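Trainee: I'd like to ask you about the structure that follows.
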Amino acid sequence: MGRSANFSCRRAGCSALAAAHELDVNQSTVSRRIQALEHALDLTLFDRQNRGHTLTEHGKALLASGQQVARATADVQSAAERLRRAVFGVVRVTAPEAIAKSFIIPITACLLVT
């Protein structure tokens with residue numbers, strides 16, 4: 001998911017470990033991604049504390065946008081997965097007329113519906 005996913009999953013008081021579990025990555029990856037995002041934006045998004053991270057005012061201001069980016073990224077990934085699974089193309093079948101009418105045409109109709 002990348003940097004925006006880390007930002008959007010992080011909420012006030014959330015630990016890097018909790019975010020790591022949510023994202024299925026390790027804690028140091030979460031910290032590195034947050035640091036990279038903060039560097040790219042040239043803003044501090046989190047106040048780091050012993051009990052977790054809290055959003056700064058900048059982080060709070062950007063949270064909704066970060067969540068939208070994460071949702072849009074998930075939508076693109078889902079659409080790409082559907083495209084990878086899609087079956088398409090031309091299939092040519094040669095068969096006697098009786099078999100084509102009795103078996104092939106009904107099966108083909110079912111394939112076109114799904």
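The values are calculated or read from the model by the stated rules, or taken from the named source; none is laboratory data. Small disclaimer: the values here were computed from a predicted structure and weren't measured. Cβ coordinates were reconstructed from backbone atoms using ideal geometry, including for glycine residues, and neighbour counts include every protein chain displayed.
Trainee: Exactly one condition in (1) assigned to a loop (DSSP other than H, G, I, E, B); (2) touching a Phe, Trp or Tyr at 6+ places or on another chain (Cβ under 9 Å); (3) among the basic types (Lys, Arg) is false for residue 33; which is it?
Mentor: Every listed condition holds for residue 33 apart from (1).
Trainee: Please determine, by comparing only the residues of the stretch 2-52 that are on the phi > 0 side of the Ramachandran plot and surrounded by fewer than 18 Cβ atoms within 10 Å (Cβ to Cβ), which one is modelled with the highest pLDDT.
Mentor: 42
Trainee: Quick one: how many residues across the stretch 36-52 are touching a helix residue (DSSP H, G or I) at 6+ places or on another chain (Cβ under 7 Å) and part of a strand (DSSP E or B)?
Mentor: Here the count works out to 1.
Trainee: Name the one entry in 62, 111, 83 that is in contact (Cβ under 8 Å) with a residue 40 or more places away in the chain and part of a helix (DSSP H, G or I).
Mentor: After applying the criteria, what remains is 62.
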